[in-house]
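FYI, it's all coordinate maths here, none of it is from the lab. Fair warning: this is a prediction, and the values are worked out from it, not measured in the lab. Positions of Cβ are generated from backbone atoms using ideal geometry, with glycine treated the same way; all protein chains shown enter the neighbour counts.
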C-alpha cells in the first residue's frame, strides 16, 4: 500500500497521459486519472473525481492535483462528501500538475507517507527545469531589444 | 404565504425556465470573457433537476434544495457546478427540517448560500464574479427580513440588489476564474455568473409572488 494520486484535469487525455508518464517512475503507485466530463468532453466531473479518490486511497491516503481553478472547485466539493476518517488522509495540493504529479509519484514509490508525498508535490512549486528563460531579463539577454 | 415543499418545487421550476430562456445570452457573455459554456452548463444542470423533480417531489424545502444541489454538482461542471451546487447545499442545511419557510428563513438560506460560495471559490466583492450579485442580494434580503418582510418581499429585494450588483460588474477587471486570465480585456463585460445569479433570484421572487 502506498499513498495514491488523483490527477484532476479538464481533459481526459491529459490526465491519462500524465498518469502514464508518472507511472514510468512509480510503477507500484496507484495513480488515477480524473480528467474530462462524464461524456469525455472538456471540463471536470464530480463523479469521476469522487470515484478516483475511492480508488487512489487504499488506506494510506491520497493527494489530488489539478490543472485549472474549476478543477480545484470540483475536487474540493468532492472532498466534502468523504467520510471524516478518509477526509483526514486525502488532500488537494496546489502545485503545478505535471511536475507535481511526477515528483509526488516518486515520493510515494520510495515509501513516503502522506506528508512526504505532499512535500514531493510542493517541490514542483519551487523547482526549476533544466533550462529555458525564467524571466524577461533572461529573454532580453538572449535577444536584446532593438 | 408560506413557502413549503410544493412552493419550493414551483420556484425551482421557474428557475429552470429562466435558465432555458437565457441560455444563449449567458453563453454569449461567457464567450466574451470565459470558455463559452456557462449557459449550456446551467441549462443542462436544471434540465436534470426538472427530470428528477418530475420523477418524485421531495417532501420538505430542504429536500428540494438538496436535490438541486447534488444534481447541479454532478451535471453542471465548470466552476458553476461546484459553486451553485454548494450554494444550494448550504441553503438546504440552513433551512433544516422546516416544513415551510418564512422571510427570515429565506434570508438565512441566501446568506448561507453566499457564505458557501465564498468559502469554496474565495472570491471577494469586486472580483467580478457571482459574489458581486450574491452579496448585495444577501444585504438586501437581511434588511427586508429584519423589517418583517414576507418571502416574496425578501426575494424581491434580493433580486433587485442582485440585478444592480450584476450591472456593476461591467467595469470591473476579473480577479477570479477564466476571465482573470484576460486581465484588462475583461473590463466592459457583464460577468456571466453574476448575471445567471440575478436571473435565478428574479425567477425565485416571481414564483414566490404567484
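Details
- Value of Rg/Rh across the protein assembly as shown [Cα atoms, Kirkwood radius]: 1.03
- The overall shape of the range B:110-210, judged from the alpha-carbon gyration tensor, is prolate: a/c is not under 1.5, and a/b is greater than b/c.
- Averaged over the residues of A:41-50, the number of partner chain Cβ atoms lying within 10 Å of the residue Cβ comes to 4.
- Were the residues from residue A:127 through residue A:42 laid out at 0.36 nm apart, the gain over their Cα-Cα distance would be 27.7 nm.
- Expressed in units of 2.2 N^0.38 Å, where N is the residue count, the Cα radius of gyration of chain A is 1.12.
- The peptide list A:46-53, B:117-124, put in order of mean Cβ contacts within 10 Å with the highest first, becomes A:46-53, B:117-124.
- Packing-based exposure ordering (other Cβ within 10 Å, fewest first) of A:66, B:181: B:181, A:66
- Order by protection proxy (mean Cβ within 10 Å, highest first), peptides B:20-26, B:194-200: B:194-200, B:20-26
- Between residue A:143 and residue A:1, the simple spin-label model (points 7 angstrom out along Cα→Cβ) gives 5.4 nm.
- Note on B:64-74: average number of Cβ atoms from other chains within 10 Å of each residue's Cβ is 2.
- Note: the range B:3-208, Cα convex hull, 88 Å³ per residue.
- When both bridge partners sit in the protein assembly as shown, DSSP labels roughly 15% of those beta bridges antiparallel.
- Overall Cα dimensions of the range B:8-124 - principal axes, largest extent first, Å: 42, 35, 23
- Just checking the listed ones, A:126, A:89, A:115: in the Gaussian network model of chain A with Cα springs under 10 Å, the one fluctuating most is A:126.
- Among B:142, B:52, B:66: highest mean-square fluctuation, GNM of chain B, C-alpha pairs under 10 Å: B:52
- Across peptide A:76-82, the mean count of Cβ atoms from other chains lying within 10 Å of each residue's own Cβ comes to 4.
- From helices alone, chain A scores -15000 deg cm²/dmol at 222 nm; the rule is -39500 (n - 2.57) for each run of n ≥ 4 DSSP H residues, then divide by the residue total.
- Three principal axis lengths of the range A:66-131 [C-alpha, angstrom, descending]: 42, 29, 14
- Crossing angle, helix A:97-109 versus chain A [Cα axis fit, 0-90 degrees, rounded to tens]: 60
- Modelled this way, with points 7 Å down the Cα-to-C-beta line, the labels at residue B:209 and residue B:173 are 3.9 nm from one another.
- Principal-axis tilt of helix A:12-25 within chain A, Cα atoms, nearest 10 degrees: 90
- Take the Cα of residue B:51, step 7 Å toward its Cβ, do the same at residue B:146, and the gap between the two points is 4.4 nm.
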